[in-house]
Ligand SMILES: Nc1ncnc2c1ncn2[C@@H]1O[C@H](COP(=O)(O)OP(=O)(O)OP(=O)(O)O)[C@@H](O)[C@H]1O
Ligand SMILES: [Mg+2]
């Protein structure tokens, strides 16, 4: 554990990613203290104000609401959606991917056929269909996005498992008498963690954007509660007159994604004994 | 005393039809192979790549399933997975490729100790003592235990592989080309270690190799294989100084002789390609490359036993049961 911390501190990308995510979390946790306004306060004097005008550092939107404040509050939704949906997708996708990859056979084929069928639908369409079943609301949106991510996780994990399974050290463990459970948890899982981390961090942005789409369709977060995604979609009618409405939530999503990717990259390297000095 | 007896072993791999996934062809990787291993001996299996050596090893370890035949260990028939599981501690294997045979995310201590953990042998202290013990046996120092595989040299990796197999105190150790992927200078060290361990611990070895040179000084008996079939089985002296099967002769001739003077004039060499195992020749598999081939060679081979040796070659039919060559 101690050496993990030491290696963590040494990894530039892990530290940078960790900082970005930490700032995000602090914004989310202490939003009422950090925000300069109420997220649904409409300042009719300053509609579509430019950044800096009237005490609105990032400007205001078409209702005169403070964009900085809405970004700070929006980080709550976006982080939650990102973490929970990716968590659902990664967890269930990994289980299915491991079963399909490790046991192949009938069960594996069945899982992959089902998977391929799901993957042939557009991502958003599937999420909308899920929402039709689950009903609207933020919580259901996170579940829907998570479920929609399962097939792609399952596929990535399955191919990682198929590769590792061929390694002689897996055969060696079996020959020593290791049960399937032991082989999976002690040998396969630790060796697919890198793929899992990287793929999860890549999917974070997808989750945030999907939430935006669902919110835009009135299926996700209900206005006036802000999320980065919904702010972005509201901004698209004002791109000419008020580009800052899109730029700031876009930047927030971008920076957070970069943060997760850096953290993911760093963690992968830290966890790989081959890269230790 | 026979420690292991293999009778008429057949191991076929289905080749799946790409479109429908139905097996429509088989690779007869091991096709009707019989041999036995005496307790305490080094029994070598020699053959070119693809002759089915590893398949025999993996089948003996219960990784591949046999299609046919008997495996008898210590007088007891080994039939299903459960039987193999009971044998884990008594038969172990050292793999050909030390690079991929060690989990890159485990420390050497955990790699070597895994067998004890799986079989729940001993307390933590006892496990540690056994690990340190076996590390010394294979000629490594204790500081290796906290290292990861990528920090080790090829020779060290193979020693770790040997230690992992030995810690369960097996009676029979299968060595699948234990030195093939090592530098020549390291090969001799590992081979010496194996011979020393065999004497010290009273082990029995099945030593798999494609290099006759490697085994001629250390093995007691040799089995020569070609395309899934046995060509010849005999004592090392018999095989080395009086090979019977044309394939064995060719194999011996392809071993470089240090002194050119000693070279045989009408030396047989291996010409032509190894036929595809998907489509092996009828009769004797060596027929298309054999310069003695005759009509008879299109027929299935029967083992011809002479004294302590067995040869699968129609040339020796008349010698059958005559007891001499
Ligand atoms: N799991 C498998 N599935 C399908 N075919 C296989 C499998 N394992 C081996 N074979 C085939 O069986 C034949 C014998 O292979 P095997 O690995 O036993 O040969 P070998 O004598 O060990 O060769 P090498 O010296 O290259 O290790 C080969 O034609 C090989 O392609
Ligand atoms: Mg082999």
> Here are some conditions: (1) surrounded by fewer than 22 Cβ atoms within 10 Å (Cβ to Cβ); (2) over 15 Å from the mean Cα position of the chain (by Cα); (3) within 14 Å of another protein chain (Cβ to nearest Cβ). Residue A:176 meets all but one. Which one does it not meet?
Replying inline: (1)
> Just checking, how many residues over region A:144-173 are touching a helix residue (DSSP H, G or I) at 6+ places or on another chain (Cβ under 8 Å) and more than 10 Å from every other protein chain (Cβ to nearest Cβ)?
Replying inline: 20
>> Just to be sure before I move on: is residue B:103 more than 15 Å from ligand 1 (Cβ to nearest atom) and more than 24 Å from residue B:198 (Cα to Cα) in the structure I sent?
In response: yes
>> Can you tell me which of (1) within 13 Å of ligand 1 (Cβ to nearest atom); (2) not in a helix (DSSP H, G or I) is the one residue B:69 doesn't meet?
In response: (1)
>> Looking at A:13, A:75 in this structure, which one is crowded, with 22+ Cβ neighbours inside 10 Å, at pLDDT 85 or above and in contact with a helix residue (DSSP H, G or I) (Cβ under 6 Å, 6 or more places away or on another chain)?
In response: A:75
> Can you find a residue in region B:40-53 that is within 13 Å of ligand 2 (Cβ to nearest atom) and assigned to a helix (DSSP H, G or I)?
Replying inline: yes
> Can you name every residue in region B:72-84 that is assigned to a strand (DSSP E or B), in contact with a strand residue (DSSP E or B) (Cβ under 7 Å, 6 or more places away or on another chain) and surrounded by fewer than 21 Cβ atoms within 10 Å (Cβ to Cβ)?
Replying inline: B:72, B:77
> Pairs, please: C-beta under 7 Å, at least 6 apart or cross-chain, first residue touching a residue at least 60 places away in the same chain (Cβ under 8 Å) and over 13 Å from residue B:277 (Cβ atoms) and in region B:44-56, second part of a helix (DSSP H, G or I) and more than 10 Å from ligand 2 (Cβ to nearest atom)?
Replying inline: B:44/B:215; B:46/B:212; B:46/B:215
> Pick from A:114, A:121: which is surrounded by fewer than 22 Cβ atoms within 10 Å (Cβ to Cβ) and not in a helix (DSSP H, G or I)?
Replying inline: A:121
>> Criterion first (buried (at least 21 other Cβ atoms within 10 Å of the Cβ), under 22 Å from residue B:85 (Cβ atoms) and away from ligand 2 (no atom under 16 Å from the Cβ)) does residue B:122 satisfy it?
In response: no
> Among the helices (runs of 4 or more DSSP H) confined wholly to region B:151-243, which include 2 or more residues that are touching a helix residue (DSSP H, G or I) at 6+ places or on another chain (Cβ under 9 Å) and away from ligand 2 (no atom under 16 Å from the Cβ)?
Replying inline: B:154-166, B:184-201, B:236-241
>> Condition first: within 16 Å of ligand 2 (Cβ to nearest atom) and free of Cβ contacts under 8 Å to residues at least 24 places away in the same chain. Now tell me which residues in region B:59-76 satisfy that.
In response: B:63
> Taking the stated definitions as given, is residue B:45 out of contact with any helix residue (DSSP H, G or I) (no Cβ under 6 Å at 6 or more places or on another chain), within 13 Å of ligand 1 (Cβ to nearest atom) and away from chain A (no Cβ under 14 Å)?
Replying inline: no
> How many residues are surrounded by 20 or more Cβ atoms within 10 Å (Cβ to Cβ) and either within 14 Å of chain A (Cβ to nearest Cβ) or farther than 23 Å from residue B:201 by Cβ (or both) when one looks only at region B:132-177?
Replying inline: 20
>> Condition first: over 23 Å from residue A:168 (Cα atoms), within 16 Å of ligand 1 (Cβ to nearest atom) and either without any contact (Cβ under 8 Å) to a residue 60 or more places away in the chain or within 14 Å of chain A (Cβ to nearest Cβ) (or both). Now tell me which residues in region B:178-216 satisfy that.
In response: B:213, B:214
> Looking at (1) surrounded by fewer than 15 Cβ atoms within 10 Å (Cβ to Cβ); (2) within 14 Å of another protein chain (Cβ to nearest Cβ), can you tell me which one residue A:272 breaks?
Replying inline: (1)
> Does residue B:6 count as within 15 Å of ligand 1 (Cβ to nearest atom), in contact with a strand residue (DSSP E or B) (Cβ under 7 Å, 6 or more places away or on another chain) and within 13 Å of chain A (Cβ to nearest Cβ)?
Replying inline: no
> Under the condition of being within 20 Å of the chain's Cα centre (by Cα) and surrounded by fewer than 21 Cβ atoms within 10 Å (Cβ to Cβ), which residue from region B:85-96 is farthest from the other protein chains (Cβ to nearest Cβ)?
Replying inline: B:90
> Which one of these does residue B:63 not meet: (1) within 15 Å of ligand 1 (Cβ to nearest atom); (2) over 13 Å from the mean Cα position of the chain (by Cα); (3) part of a strand (DSSP E or B)?
Replying inline: (3)
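The values are calculated or read from the model by the stated rules, or taken from the named source; none is laboratory data. Everything numeric in this text was worked out from a predicted model, so none of it was measured. Ideal geometry is used to build each Cβ from the backbone, glycine not excepted, and the neighbour counts take in all protein chains shown.
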